[in-house]
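To keep things clear, I will list the structure first and then write my remarks on it.
Readers should treat all values here as calculations from the given coordinates under stated rules, not as data from a laboratory. Note that the coordinates shown come from a computational prediction; the quantities given were computed from them, not determined experimentally. Positions of Cβ are backbone-derived with ideal geometry, glycine not excepted, and every protein chain shown enters the neighbour counts.
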Amino acid sequence: MEHDEKICPLCAETIKVEAVRCKHCHADISVKAHVEAVKPEGMGFAQKAFIVLILGVAAAFAIGAFSKPSEEDLARDHAKRAIEMCRDNEASYQGPAGARQIISGACRKLESDFSTRFSRTP
């Protein structure tokens, strides 16, 4: 590089010292117009942690959306609710004792069927 030359701050090509515009990239390189390139700062820890959190929540929703309970799980839950309702009705029933025994028998039958079908007690 000659003594009457300098380097363009934008394209790094050699230009004359007196030049106000680069002949290579056509940038205005006068002292008043010279603006140093600002390097973007990297993401901070908090920003990275937030992104990881959002991705984790999105992944959890995606996994939950694609994992459906099996038919057996649905049937087991339905049978458990039926037994609970039967026992609640039995406990709150205030009619004749004979009718209460019918309700108790129905609840026992539901529990027996549950044990037979799912090989365990509700």
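If you take the charge dipole of the chain about its Cα centre, with +1 on Lys and Arg Cβ and -1 on Asp and Glu Cβ, which of Cys25, Phe50, Met1 is farthest toward its positive end?
Of the listed residues, the answer is Phe50.
Give me the aspartates and glutamates in straight-line cross-link reach of Lys80: C-alpha distance below 17 Å, same-chain residues under 8 apart excluded.
Cross-link targets: Glu71, Glu72, Asp88, Glu90, Glu111, Asp113.
I need the calculated FRET efficiency for the pair Asp73 and Ser119, taking r as the beta carbon distance and R₀ as 22 Å, to the nearest 0.05.
Details: r = 14 Å, r/R0 = 0.65.
FRET efficiency, Asp73 to Ser119: 0.95.
In degrees from 0 to 90, rounded to the nearest 10, what is the angle of the helix 71-92 Cα long axis to the longest principal axis of the chain?
With rounding to tens, the tilt is 50 degrees.
Considering amide H positions built from the backbone, and no H for Pro or chain starts, which residues 5 or more places from Arg21, or on another chain, come under 5 Å of its amide H?
Ile29
Between Ala62 and Met43, what is the label-to-label distance in nm when each label sits 7 Å out along the Cα-to-Cβ direction?
1.5 nm
Assuming a viscosity of 1.306 mPa s and a temperature of 10 °C, what translational diffusion coefficient in µm² per second does Stokes-Einstein assign to the chain, Rh being the Kirkwood radius over Cα pairs?
On the way: Rh = 22.6 Å.
D, rounded to a whole number, is 70 µm²/s.
Return, for the Cα atoms of segment 71-118, the radius of gyration and Dmax in Å, separated by a comma.
11.9, 39
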